[in-house]
Amino acid sequence: MAAQKLSFYIGTFLNPKDDESSDYYKTGLLVTEATDAGARILDLLPLERGVKKYGPRMTGRNTTDFGDALILPGFFDMHFHWVQDDVSDMPKDSLLEWLEKYTFPAEMKFAKRSYARAKGRQFFKKLVAHGTIGGACYSSIHEHAVDEALKYARGDFVVGNVLMNMNSPASLTQTDAESIALTERLIERHGALHCFTPRFAITTTPAVMRAGSALADRAGCFKQTHLSETPQEIAFVLSIYRKLPGFERVRSYTEIYAKTGMLGKRSLMGHGIHLSPKELKILGQTKTSLIHCPTSNAPIKELGLGSGLFDFRKVERAGVRWALGSDIGGGPFLSMFDVMRSFVDQNKRKHVSGATYVKALYRATLAGAEILGLNRRTGNLNRGKDASFIVIPLNGLKLPDEPELLLKRMIESHRGNRAHYSKLITAVYLNGKRQRLNS
Ligand code: GUN
Ligand code: FE
């Protein structure tokens, strides 16, 4: 039998477990073991014990000492639009105006394959440099843009082209038949890496949602869309659907998705801010997940769209699963640190208890992996999982005794310069391989 090939990493570790807990090693040792596919985690323990256990096998060559740096699992961003990177610094008004004015024109540019390719190469490099190694991604309507995204994505991502068949600019409108044929082809090419993605009920016909949902279910694909982001959007949705045959008596936005086969355990609904108890009950019963995007929903003066505050306590009481997303470009920054900060800040301001950094870390990592069904293999630093982690120098920050305080101090020390969250990570390991950043 070949000798076991081990690698050792020294640093300060936080290993998210759930909403209430993260394992914390002020000075810890992560031990990984090479596999055919990369490397998996063999052990995570205090350095002192680690040296006793593995000392004779630790050498200058197989050991990396990150000093006082913090080491976390990579992030899962469960809702982002890779084709909206350039929209993220545009001025914001309300959702529907912002879509018309800035977002649709930006997405139109992806009609050119060479543009999509150049952007794809650039964007996914940037994403991994932000420590994001998995999640669910929206592309433009164009078939080749999905291919380019999946070519350059590094990590565990599902990607789907937005489907738009009505109430959209002419150059972003497909016929129902085109959308369905496109979905068939993308599923054939990419299998379950393709995510069925009606943009939202305003732009996608019920016929496309029904036919595509059935195709996605048969292939084991995830489905994603936007749900109840703003009151104007909800009013518009209901006014459209109540005129459509079969939907005359529809009572809620969620019901429209229920009637078109869009809900289920592989369904990711972006936002879900303005939902009635009845809608939450439907989401819980169908095991549908909500993806909360706090920086996108934040007030306009905080560079969000001012859509409102997601009521995570109500969502949890209804038994609905949820995770965090950046919603880039509705959200202004790609960093999940900024997303975590915004979640904590906005709830604190409204005196909502329970919105801790420990919770935010879980919802930005393991919760996403759980929703994608990948948590046996990735999502945190448990033994047996992929050796995927990110390194953040703490620059002499005094280590507090509680994980909550450590995250708070580290994250809040940068709140005055949100763009700076993009620069905190100095190393990203994906399944044992150190990634080239910014090259
Ligand atoms: N609803 C429909 N499309 C979009 C989008 O691109 N961004 C956001 N935030 N909401 C949407
Ligand atoms: Fe979105």
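A search for C-beta distances below 8 Å between a residue of region 193-210 that is farther than 11 Å from residue 183 by Cβ and any residue that is at pLDDT below 95 and assigned to a loop (DSSP other than H, G, I, E, B), counting only pairs 6+ apart in sequence or on different chains, returns nothing. Could you check residue 199 against (1) touching a helix residue (DSSP H, G or I) at 6+ places or on another chain (Cβ under 8 Å); (2) within 16 Å of ligand 1 (Cβ to nearest atom); (3) among the basic types (Lys, Arg) and say which number it fails? So the condition that residue 199 fails would be (1). The residues of region 356-407 that are farther than 25 Å from residue 32 by Cβ, of a type outside the set (A, V, I, L, M, F, W, C) and in contact with a Leu (Cβ under 8 Å, 6 or more places away or on another chain), listed by number, are 357, 363, 400. Condition test on residue 212, is it small (Gly, Ala, Ser), touching a helix residue (DSSP H, G or I) at 6+ places or on another chain (Cβ under 9 Å), outside any loop (DSSP other than H, G, I, E, B) and open to solvent by less than 50 Å² (accessible area, probe 1.4 Å)? Yes, satisfied. Being among the aromatic types (Phe, Trp, Tyr) and not in a helix (DSSP H, G or I) is the filter here; which residues of region 149-163 pass it? Listed by number, the list holds a single entry, 157. Reported count of residues in region 11-57, each being of a type in the set (Val, Ile, Thr) and either modelled with pLDDT under 95 or not in a strand (DSSP E or B) (or both), is 2. On inspection, residue 326 qualifies as within 15 Å of the chain's Cα centre (by Cα), within 13 Å of ligand 1 (Cβ to nearest atom) and part of a loop (DSSP other than H, G, I, E, B).
For residue 377, the conditions (1) open to solvent by 10 Å² or more (accessible area, probe 1.4 Å); (2) over 26 Å from residue 123 (Cα atoms) are fulfilled apart from (2). Of all the numbered requirements in (1) open to solvent by less than 10 Å² (accessible area, probe 1.4 Å); (2) within 16 Å of ligand 1 (Cβ to nearest atom), residue 76 misses one, and that requirement is (2). For the structure I just gave you, tell me whether residue 104 is within 16 Å of ligand 1 (Cβ to nearest atom), touching a residue at least 60 places away in the same chain (Cβ under 8 Å) and within 26 Å of residue 184 (Cβ to Cβ). In short, yes.
Exactly one residue out of 226, 142 is within 15 Å of ligand 2 (Cβ to nearest atom) and open to solvent by 10 Å² or more (accessible area, probe 1.4 Å): that is 226.
Screening residue 355 on (1) part of a helix (DSSP H, G or I); (2) open to solvent by 10 Å² or more (accessible area, probe 1.4 Å); (3) within 30 Å of residue 401 (Cβ to Cβ) shows it passes everything except condition (1). The number of residues in region 289-313 being farther than 26 Å from residue 222 by Cα, assigned to a helix (DSSP H, G or I) and within 14 Å of ligand 2 (Cβ to nearest atom) comes to 0. Does region 285-308 include one or more residues that are out of contact with any helix residue (DSSP H, G or I) (no Cβ under 7 Å at 6 or more places or on another chain), aliphatic (A, V, I, L, M) and open to solvent by 20 Å² or more (accessible area, probe 1.4 Å)? Checking region 285-308: at least one residue is out of contact with any helix residue (DSSP H, G or I) (no Cβ under 7 Å at 6 or more places or on another chain), aliphatic (A, V, I, L, M) and open to solvent by 20 Å² or more (accessible area, probe 1.4 Å).
Just one residue in the set 240, 273 is touching a residue at least 12 places away in the same chain (Cβ under 8 Å) and either outside any helix (DSSP H, G or I) or within 16 Å of ligand 2 (Cβ to nearest atom) (or both); that residue is 273. Filtering region 253-281 to residues that are closer than 17 Å to residue 316 by Cβ, away from ligand 1 (no atom under 16 Å from the Cβ) and open to solvent by less than 40 Å² (accessible area, probe 1.4 Å) leaves 279, 280. Across region 106-114, a minimum of one residue is classified as open to solvent by 10 Å² or more (accessible area, probe 1.4 Å), within 16 Å of ligand 2 (Cβ to nearest atom), under 24 Å from residue 292 (Cβ atoms) and under 22 Å from the mean Cα position of the chain (by Cα).
The values are calculated or read from the model by the stated rules, or taken from the named source; none is laboratory data. Quantities reported herein were computed from a predicted structural model and do not represent experimental measurements. Reconstructed Cβ throughout: ideal geometry from the backbone, glycine too, with neighbour counts over all protein chains shown. The accessibility values were calculated without ligands, DNA or RNA, using every heavy atom of the protein model including side chains. Shrake-Rupley method; radii C 1.70, N 1.55, O 1.52, S 1.80 Å.
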